[in-house]
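Trainee: Okay, here's the structure, questions in a sec.
Just so it is clear, none of the values below were taken in a lab; they were calculated from the coordinates. The structure presented is a predicted model; accordingly, all values stated were derived computationally and were not measured. Glycine gets a Cβ as well: all are built from the backbone with ideal geometry, and neighbour counts include every protein chain shown.
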Amino acid sequence: MNKHPGTSLATMALMAALAGCAGSPGTTTTTPAPTASATSPVATSAAPTTTATTAAAAVDLKTATTSAGTIVVDANGMSVYFFTKDVKDSGTSACTGACLTAWPPVLSTAAVPAAEGVTGALGTMTTPDGAKQLTLNGLPLYYYEKDKSPGDVTGQGVGGVWFLSDPAGEMIRTAG
C-alpha cells in the first residue's frame, strides 16, 4: 500500500533544483563553486537526479589535459578558443560573417552556466540571433571547425589571433 505517488518526489527534486538556478538573464558572470576540485573528475552536483533537472545540472565547461597543456574544453571535451580581436566585457563578438563558419560560438542553454575546474569568471552574452554565447573573463568563446575530436587543438595560434584558454581564463599564447 503506497500512499506517496512517485511524481511528488520528482516534483520536489525539480523544485529544489530550479531554486538553485535563480539568476539574472542576459549578459551575466558567475563564479564557479569553490567545492569543485580540478583533480576530481566528477562533481556530485553534475549528476542529474531526474531527467527534468539534467539541463540545470549540466556542466558547460571543464578542464582537460591536451598536447597544449591543461586547457578549458566544453562538456564533450572539445577545445574552446579566444579571439584576440574581441574586446573584454563588450558583450559583442568581433568574429562575424564567414569568420563564424570557421569559428562557431560556444553556446549554452543553461539559465546559469556552470564549470568544473575552471577558475575564471564564467558568463554569457547574447549573440545577434538571440543565442547565449559563453564568455570567460568577459571574452566570448569559440570552437574551431577543424577540431574534430575531443583533445584536438588545431586552432591554437591560427593567424596569431586564436588561442586556447587555461583554467584561470587566460589566453595560452604559444603556437599550437
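Trainee: Normalise the Debye intensity by I(0) for the range 71-176, one equal point scatterer per Cα, no solvent, then take log10 at q = 0.20, 0.25 Å⁻¹ and round to two decimals.
Mentor: Debye curve over Cα of the range 71-176, log10 I(q)/I(0) at q = 0.20, 0.25 Å⁻¹: -1.02, -1.70.
Trainee: Sorted by packing (mean other beta-carbon atoms within 10 Å per residue), highest first, where do 74-81, 96-103, 85-92, 132-139 land?
Mentor: Final packing ranking: 132-139, 74-81, 85-92, 96-103.
Trainee: Here's a follow-up. Relative to the present Cα-Cα distance, how much length would full extension add between S90 and T126 at 0.36 nm per residue of separation? Don't skip to the end; give the middle numbers.
Mentor: Details: separation 36, 0.36 × 36 = 12.96 nm, distance 1.11 nm.
Gain in length upon complete extension: 11.9 nm.
Trainee: Report the extension gain between T101 and T154 in nm, rounded to one decimal, defined as 0.36 nm multiplied by the number of residues separating them, less their alpha carbon distance.
Mentor: Values: separation 53, 0.36 × 53 = 19.08 nm, distance 1.56 nm.
The T101-T154 span can extend by a further 17.5 nm.
Trainee: Net charge around T101, counting only other residues with Cβ within less than 12 Å of its Cβ (Lys, Arg = +1; Asp, Glu = -1)?
Mentor: Computed value for this residue: 0.
Trainee: Can you give the extra length, in nm with one decimal, that the chain gains between A168 and T70 once fully stretched, where that is 0.36 nm per residue apart less the Cα-Cα distance? Each step should come with its number before you reach the end.
Mentor: On the way: separation 98, 0.36 × 98 = 35.28 nm, distance 1.04 nm.
So the chain would gain 34.2 nm between A168 and T70.
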